[in-house]
Number of protein chains: 2
Amino acid sequence: MTDTEPALGDGADVTRSAAPVRVSAVERRILDAALTLFAERGFDGTSVQGIVEAAEVTKGALYHYFDSKDDLLYEIYHSLIDRQLADLGEVLARGLPPRESVRAVLAGLIRSTAEHIDEAKVFSREMHRLDSARMRSVRADRRRYHVTFRGLIEQGQRDGVFSDATPAETVTIVALGMVNQMPSWYRADGPKTAGRLADEVAGFVLAALDQRRV
Amino acid sequence: MTDTEPALGDGADVTRSAAPVRVSAVERRILDAALTLFAERGFDGTSVQGIVEAAEVTKGALYHYFDSKDDLLYEIYHSLIDRQLADLGEVLARGLPPRESVRAVLAGLIRSTAEHIDEAKVFSREMHRLDSARMRSVRADRRRYHVTFRGLIEQGQRDGVFSDATPAETVTIVALGMVNQMPSWYRADGPKTAGRLADEVAGFVLAALDQRRV
DNA sequence: GGTTGCATACCGACCGGTCGGTTTTCTGGC
DNA sequence: GCCAGAAAACCGACCGGTCGGTATGCAACC
């Protein structure tokens, strides 16, 4: 699994759909409560007791389904990354030209992040709490996304539709970085809808990428 | 004097220089140790005992100079924000046209953030831990920066040197957001110098802002 | 002789996780 | 259709340990 990375944005293996994992109602309640509380008070600021009370279950139930408090975090990360990779794969499968692909990926990512802003908040704030094994797994997934996205930019630059004034790596860092930053400024009840913001931000990035030399 | 500093938010007077606060050597050692540990293990992952050991002082010394662990965080934030506002004021005082101002502010902010990446890391990750009074103070300072920056964009748009395809508010969010995200990707020992990255990123943003209609 | 600048011993709250036990659900032999 | 027994689901009191913060002492200096 950890072999050579796909050199080009041909999509790698991002088109796979996640295995359908059945979760019991209790599991769901625990996960939902954990997500809400982690987002609100942070991982360390949330006690296991607080989670079980919010989920209206007992501690025994929680530790029956999960190994540890960290386990809850990992599950949250996993669901976020799985969804992002699935969305990415879906767009790539459409086989659009780079410019439309980048727009679709970015706008979709922003909309999806807005829709699951709690997960994004927890993710960006508490990622470092994972133990090293899980951290490696999460990082590998993120890297796949990063490399695939960068591949799109590179392809557009080779095709001449994107300016190569800024290296593809920097463009990727900047574009994905602003999405990761969303939890600090996006408000669901703000004046702009997520779709509007997604269009504005994607438009901004594409404006910077536009090849328009004489 | 348990409350906040004399609210320096009396106006958008970003050109003020920070008051020269004298700090004892012990204070400095404590602050430095706290910064390093917070950046490395997070606020909650760092015990007060750990800080005093790293600083080679005792708990009594720490609580002699600081009211609480949170106090240390606040001091770290303060030094970061003070520096940012001072830098911003300095650029504004030069009275450059919007395009050059934006470039100077952004590139300077990125370089400064790179240079104090630990502070930035702690800031972005642990801001939410502040109590509400201090949170309000920090937010007010950040807002001043935000509003001032947005003013620069708006001015450029009014002058016709910047495209108004993307609202100034969104541009500001995106531009400053990518700086806040730096701790997650910037490495001092990476292949690119901070100055190079600053130029690339500032160039990217300016490319998106360029007014270039036919 | 009081104020500053520390040192040391200690406290009570809380927290993640465990463990022995009980209830509910599933399974298959009759 | 029924029942026994195994497995899964769940309960909640409890524990060892850590952590932020405090109380008190004391030496040096104004």
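The values are calculated or read from the model by the stated rules, or taken from the named source; none is laboratory data. Predicted, not measured: the structure shown is a model, and the values here were computed from it. In this analysis, Cβ positions are derived from the backbone assuming ideal geometry, glycine residues included, and neighbour counts consider all displayed protein chains.
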(request) Pick out the one residue from B:Ser124, B:Ser137 that is touching a residue at least 12 places away in the same chain (Cβ under 8 Å), of a type in the set (Ser, Thr, Tyr) and more than 14 Å from chain A (Cβ to nearest Cβ). (result) B:Ser137
(request) For A:Gln211, state whether it is more than 11 Å from chain B (Cβ to nearest Cβ) and in contact with a strand residue (DSSP E or B) (Cβ under 9 Å, 6 or more places away or on another chain). (result) no
(request) Test B:Arg143 against the criterion of being without any contact (Cβ under 8 Å) to a residue 40 or more places away in the chain and within 13 Å of chain A (Cβ to nearest Cβ), and give yes or no. (result) yes
(message) Taking the criterion of being modelled with pLDDT of 95 or more and either within 20 Å of the chain's Cα centre (by Cα) or hydroxyl-bearing (Ser, Thr, Tyr) (or both), would at least one residue in segment A:3-10 satisfy it?
(response) no
(message) Can you pull out every residue in segment B:183-201 that is more than 10 Å from every other protein chain (Cβ to nearest Cβ) and buried (at least 21 other Cβ atoms within 10 Å of the Cβ)?
(response) B:Ala198
(request) Output the residues belonging to segment A:60-78 that are more than 11 Å from DNA strand C (Cβ to nearest atom) and more than 19 Å from the chain's Cα centre (by Cα). (result) A:Tyr65
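Results for (1) under 24 Å from the mean Cα position of the chain (by Cα); (2) within 13 Å of DNA strand D (Cβ to nearest atom); (3) charged (D, E, K, R); (4) modelled with pLDDT under 95, shown as yes or no for each residue.
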site	(1), (2), (3), (4)
B:Glu27	yes, no, yes, yes
B:Asp32	yes, no, yes, no
B:Phe38	yes, yes, no, no
B:Ser47	no, yes, no, no
B:Thr58	no, yes, no, yes
B:Leu80	yes, no, no, no
B:Gln84	yes, no, no, no
B:Asp87	yes, no, yes, no
(message) Based on this model, can you work out whether B:Leu35 counts as closer than 23 Å to A:Phe43 by Cβ and in a helix (DSSP H, G or I)?
(response) yes
(message) Looking at segment A:102-112, can you tell me whether even one residue there is farther than 30 Å from B:Ala194 by Cβ and of a type in the set (A, V, I, L, M)?
(response) yes
(request) State whether one or more residues within segment A:166-182 are of a type in the set (Ser, Thr, Tyr), within 23 Å of B:Ser124 (Cα to Cα) and within 9 Å of another protein chain (Cβ to nearest Cβ). (result) yes
(message) When the residues of segment A:45-59 are narrowed to those that are within 7 Å of DNA strand C (Cβ to nearest atom) and within 14 Å of chain B (Cβ to nearest Cβ), which ends up nearest to A:Pro183 (Cα to Cα)?
(response) A:Thr46
